[in-house]
Amino acid sequence: MNHIELFAGCGGLSLGLETAGFKLLFANELSPMASESFAYNHLNTDLTSDSDPANVFWVSSMHDRNSIKSRLRENPYDAIGLQEQHFSDLLDIKPTNEQLNRSLLVGSIVDVNKILDAGNTSLLEQFRTALGQGEVDLVSGGPPCQSFSLAGMRDHTHHRNELPWEFAKFVEKIKPKMTMLENVSGILRAFKIDGEQYYAWFEVAKAFAKVGYIPLCLHVNAKYAGVAQNRPRFILLAFREDIALILSNKLDSEFKSALKKSIDFYQSIKSGEELPYGSLKCFDIEKDSGLFEDSILSSLYSNDKKLPTVKDALDDLRSENIGESKYVSKINNTYINYHDHRLNKQKNHELRANNPKVKARFRLYQILSRIDKVSSKEIVRYLKTSGAEPISTSTLSKLTGYWLLDLTGGEIKKPTKEQVITILSGLYTKKQTQKALVEGQPAPAALSIPDDACHYHQSIESQRTLTVREMARIQSFPDWFEVRSKVTTGGQMRKFEVPQYTQIGNAVPPLLGLALGNICRELLILAE
């Protein structure tokens, strides 16, 4: 079976899908920085040393093909638009099926769709026929989601909100047997537009129905697929009409019932009916467990009470004397590895330098994860209001029971209440997402920038942010997977650069991709 990967990022979803048995036709990714990681790990291509990579093509760039290094550092948003002064390898080279097979297209899906819309029948035929191999089985991808995220801007007008619709446009042109879209669970929360509630996920489902695909919407969590992270996700599986009708006669009763409701929804949309919100259900893995437990979706569901924890993911990285957990062994021995990249847990594991004040704050966050929620919230309010919200004597007493770091980095083993207040008064912060990992739990979902979380271990050396390797471990990437390009970025560069931390934070966890890939493969086999 084959697949096309849109919004590929550094390649987490592709890694899972290929391990499940899908063969990559080609991938598309906007960011040159994320593309560098994808090309290195999936295509065995080092874009920093290859002046003319045979399997990487730019959709649009301000630089010609002889300037790969400049292409890797350009603002990709400046290159969107297929302007006369821009260069497009797809139009200039006109790559053959053989050249496109297992390749990466760097650039915007908007421009890819424009090229296909502009009467480029040859390229459309290449894509639609799976590069001469028949039909496309699966088109998959996770459109950028910051504007939908509850941890992000929640801006319904943001240009990135158009990308799920561009995804649907591409699917309409290529006509794969099925498609899969992944996004943050924030897409399920309503936006307020002119006083009316607008549900993005419902509108996306309607968009796929309008182009001939029957949508089944799921709310899942990567932790149940074996990932050491509490990472809820929206998944849309959409089936071409003929495929859905075959499946509706072959599947188990739980899944068949859910698909029947989707078919009814699709037929109403197809007839031109304007359906109100609530006409389609999004099935939740915790609220609708019956659908997941005993159906073809069971690989997404685990009733194992001991889910992987951050300690399982990270502990052996602290010392050579600590053995690997079952979790680490699993992620290092599960995935297909086309190019036999060598395991190296020190890759991307450079410790970041944190100043004494930051370390003191991290130690405080570790304590907050251990005391009661009422006292914890009281301390957080104190920090965020610069002391305007007072701290009770009982809460101060609780903090004196833990060792602290002062503002110069010195350890205070038995702090007094006065010392606690002095430290807290120097740690005011407006940051909303910082927290310490809890060793016996999966990691929180919001992990995309270096200071989102600090280490869980109760030693002075562990009062630090996570390394890229540690974040990759949590996300279930194997130790042979090398994240490329800049480690981090800041300022205005954040608007378009996708450094290593962000690449991992944005990625679909490979173990979740594997579970989804197994489901898609089984469904496609049933539809044969």
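Computed values, structure above
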quantity: Residue, nearest to L13 (Cα to Cα), within the range 293-313, restricted to residues that are over 22 Å from the mean Cα position of the chain (by Cα) and crowded, with 17+ Cβ neighbours inside 10 Å; calculated: I296
quantity: Sole residue being closer than 16 Å to T45 by Cα, touching a helix residue (DSSP H, G or I) at 6+ places or on another chain (Cβ under 6 Å) and surrounded by 13 or more Cβ atoms within 10 Å (Cβ to Cβ), chosen from L72, L100; calculated: L72
quantity: Residue check for G11: in the same structural domain as L512 (by TED's automatic domain parsing) and surrounded by fewer than 22 Cβ atoms within 10 Å (Cβ to Cβ); calculated: no
quantity: Which numbered condition D252 fails, given (1) in contact (Cβ under 8 Å) with a residue 40 or more places away in the chain; (2) surrounded by 15 or more Cβ atoms within 10 Å (Cβ to Cβ); (3) out of contact with any strand residue (DSSP E or B) (no Cβ under 7 Å at 6 or more places or on another chain); (4) within 24 Å of R521 (Cβ to Cβ); calculated: (2)
quantity: Any hit, the range 314-331, residues being under 25 Å from R233 (Cβ atoms), crowded, with 18+ Cβ neighbours inside 10 Å and among the acidic types (D, E); calculated: no
quantity: Qualifying positions in the range 169-201 - of a type in the set (A, V, I, L, M), surrounded by 22 or more Cβ atoms within 10 Å (Cβ to Cβ) and part of a helix (DSSP H, G or I); calculated: V171, I187
quantity: Within the range 328-357, tally of residues that are touching a Ser or Thr at 6+ places or on another chain (Cβ under 8 Å), in a helix (DSSP H, G or I) and closer than 17 Å to T467 by Cβ; calculated: 1
quantity: Test: residue in the range 271-286 that is out of contact with any strand residue (DSSP E or B) (no Cβ under 9 Å at 6 or more places or on another chain) and in a helix (DSSP H, G or I); calculated: no
quantity: Given (1) at pLDDT below 95; (2) within 18 Å of the chain's Cα centre (by Cα); (3) not charged (D, E, K, R), index of the condition H159 fails; calculated: (2)
quantity: Given (1) modelled with pLDDT under 95; (2) closer than 22 Å to N354 by Cα, number of the condition W403 does not satisfy; calculated: (1)
quantity: Residue match in the range 122-129 (condition: among the polar types (S, T, N, Q), touching a residue at least 60 places away in the same chain (Cβ under 8 Å) and within 21 Å of S14 (Cβ to Cβ)); calculated: no
quantity: Residues of the range 65-88 that turn out to be within 28 Å of the chain's Cα centre (by Cα) and either assigned to a helix (DSSP H, G or I) or among the basic types (K, R) (or both), as a count; calculated: 10
quantity: Condition check for L82: buried (at least 19 other Cβ atoms within 10 Å of the Cβ) and closer than 22 Å to R484 by Cβ; calculated: no
quantity: Subset of the range 369-400 (residues that are surrounded by fewer than 20 Cβ atoms within 10 Å (Cβ to Cβ), under 31 Å from the mean Cα position of the chain (by Cα) and part of a helix (DSSP H, G or I)); calculated: K373, S376, K377, V380, R381, K384
quantity: Residue count for the range 245-270, restricted to those that are assigned to a loop (DSSP other than H, G, I, E, B) and of a type in the set (D, E); calculated: 1
quantity: Identity of the residue in the range 477-495, hydrophobic (A, V, I, L, M, F, W, C) and over 22 Å from D78 (Cβ atoms), that ends up surrounded by the fewest Cβ atoms within 10 Å (Cβ to Cβ); calculated: V487
quantity: Close pairs from the range 266-291: first within 21 Å of G212 (Cβ to Cβ), partner loosely packed, with under 12 Cβ neighbours inside 10 Å and modelled with pLDDT of 95 or more, Cβ under 8 Å, at least 6 apart; calculated: none
quantity: Qualifying residue in the range 326-333 (condition: more than 23 Å from the chain's Cα centre (by Cα), under 24 Å from N230 (Cα atoms) and modelled with pLDDT under 95); calculated: no
quantity: Subset tally (residues that are polar (S, T, N, Q) and within 17 Å of the chain's Cα centre (by Cα)) for the range 489-528; calculated: 4
quantity: Residues located in the range 216-232, provided they are in contact with a Lys or Arg (Cβ under 8 Å, 6 or more places away or on another chain) and within 22 Å of A258 (Cβ to Cβ); calculated: C217, H219, V220, N221, A222
quantity: Checking G81 against (1) in contact (Cβ under 8 Å) with a residue 60 or more places away in the chain; (2) over 24 Å from H339 (Cα atoms), the condition it does not meet; calculated: (1)
quantity: Some residue of the range 342-364 being under 18 Å from W480 (Cβ atoms) and free of Cβ contacts under 8 Å to residues at least 40 places away in the same chain; calculated: no
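The values are calculated or read from the model by the stated rules, or taken from the named source; none is laboratory data. None of the values given here were measured: they were computed from a predicted structure. Heads up, the Cβs are rebuilt from the backbone with ideal geometry, glycines too, and the neighbour counts pull from every protein chain shown.
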